[in-house]
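Structure first, commentary second.
The values are calculated or read from the model by the stated rules, or taken from the named source; none is laboratory data. None of these values were measured; they are calculated from a predicted model. Cβ atoms come from the backbone with ideal geometry, glycine included; neighbour counts cover every protein chain shown.
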Amino acid sequence: MYIKDLNDFSPLDGFIFESAFSVGWLDKHHFYNKGRAPNLFLDKLRSLMLAENGNSYYANPMRGTHQCPFCGLDYFSDKLEYRKMSIGSAELWIPTQSGTYFVAPTMIIHYIQEHDYSPPTEFWEAVMAVDPNRNFNAQEISDRLTIATD
Ligand SMILES: [Zn+2]
């Protein structure tokens, strides 16, 4: 599923989350910005994905996994190889300072690490600004917004 970066997140036809914006929904047929991500950013993103702070930034897991459109990979091994996680099967929700959210495929970390995808600046800033001590449950937020726009 391709969605242009920073467009309204719209997981289904005719359905929009007004305060959620898309990041990293890439495919083979659309140009994307490239660049090298700083380790600080990757470490923060990885810690959120592994939920090392006890919160959950995942929502709407699907059965099965989605393969990387560029290389076919469907799992993610973190730097230390101590944990393998499936990355093609859910949404990653990142809160912003202004009360909106970025919604990315969990595959985004692989796109950044292996395919030099450079997400919009707003997304970098939001990831770096996430306070790990603040309660966050992505599924609750996704469910709430779904009802609100129904
Ligand atoms: Zn890949």
Filtering region 119-145 for residues that are surrounded by fewer than 16 Cβ atoms within 10 Å (Cβ to Cβ) and polar (S, T, N, Q) leaves a count of 4
Could you list, in sequence order, the residues of region 105-139 that are assigned to a helix (DSSP H, G or I), within 15 Å of the ligand (Cβ to nearest atom) and of a type outside the set (A, V, I, L, M, F, W, C)? His110, Tyr111, Gln113, Glu114, His115
Any chance you could count how many residues in region 87-104 are within 17 Å of Lys4 (Cβ to Cβ) and either assigned to a loop (DSSP other than H, G, I, E, B) or of a type in the set (S, T, N, Q) (or both)? 1
Tell me, please, whether a residue that is surrounded by 14 or more Cβ atoms within 10 Å (Cβ to Cβ), farther than 19 Å from Leu145 by Cα and modelled with pLDDT of 70 or more can be found in region 74-86. no
Starting from region 107-123, take each residue that is under 14 Å from Lys44 (Cα atoms) and list its partners that are more than 10 Å from the ligand (Cβ to nearest atom) and assigned to a helix (DSSP H, G or I), counting only C-beta distances under 7 angstrom and pairs at least six apart or across chains. Ile109/Leu45; Ile109/Arg46; Ile109/Met49; Ile112/Leu42; Gln113/Leu42
Failed criterion for Leu6 (all others in (1) surrounded by 14 or more Cβ atoms within 10 Å (Cβ to Cβ); (2) at pLDDT below 75; (3) not in a strand (DSSP E or B) hold): (2)
